[in-house]
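A.B. asks: Handing you this structure, nothing more for now.
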Amino acid sequence: MEGIAPFAAAFLLISVMELGDKTQLLVISLSTKHRPLSVAAGAFLGETAVTAIGVAIGLAIATTVPVLYVRLISGALFIGFGAWSLRPTAEAKEAEPEETPRSPFFKALGLAFLAELGDKTMIAVIGLSGTLAAPLSVFAGASLGLLMIVLISIGLGRVLQRCISARWLR
């Protein structure tokens with residue numbers, strides 16, 4: 001049933017999960033180098049597109065799989081993501097990035113879309129929309145939570161840009 005409870009659950013869960021996530025760091029980084037409005041619009045659109053895909057997947061799963069199984073599978077996926085993030089990784093050699101002439105909007109859109117695709121927040125949206133049977137409320141709550149984090153990240157990026165020399169930001 002659509003309502004304020006699924007909206008609030010999605011908003012709070014996604015907002016907390018997105019704090020310190022790779023997408024937040026990406027937006028902070030991009031906002032130190034590009035116009036904030038372009039980065040915010042691109043990142044929000046990319047994240048919202050992934051949220052819409054997650055809601056659609058959750059809705060499709062909910063119509064074919066019992067809710068108990070959706071809860072168990074989404075819980076197992078979260079545990080799996082947690083275990084995966086604890087594994088030691090080999091340090092990769094940093095390559096010199098090639099600068100391509102793309103607009104900040106499309107750069108932020110593409111990078112945010114790819115960063116969120118299959119991320120823990122997408123899994124959460126799938127689980128919420130599959131178990132709460134409120135796809136519009138979940139989509140709206142998750143999208144507004146993501147927008148809030150994007151705007152906070154833009155602000156942090158602008159502060160960093162003023163406080164840290166350009167040499168350190170590259």
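The values are calculated or read from the model by the stated rules, or taken from the named source; none is laboratory data. In this text, all values refer to a predicted model and were calculated from it rather than measured experimentally. Glycine also receives a Cβ, built like all others from the backbone with ideal geometry; neighbour counts cover every protein chain displayed.
A.B. asks: When you check Arg71 against the structure, is it among the basic types (Lys, Arg), at pLDDT below 90 and within 23 Å of Thr131 (Cβ to Cβ), yes or no?
C.D. replies: For Arg71, the condition - among the basic types (Lys, Arg), at pLDDT below 90 and within 23 Å of Thr131 (Cβ to Cβ) - is met.
A.B. asks: Related question: Could you grab me the full set of residues in the range 51-66 that are closer than 18 Å to Gly110 by Cβ and surrounded by fewer than 23 Cβ atoms within 10 Å (Cβ to Cβ)?
C.D. replies: Once the filter is applied, which keeps residues that are closer than 18 Å to Gly110 by Cβ and surrounded by fewer than 23 Cβ atoms within 10 Å (Cβ to Cβ), the range 51-66 yields Ala52, Ile53.
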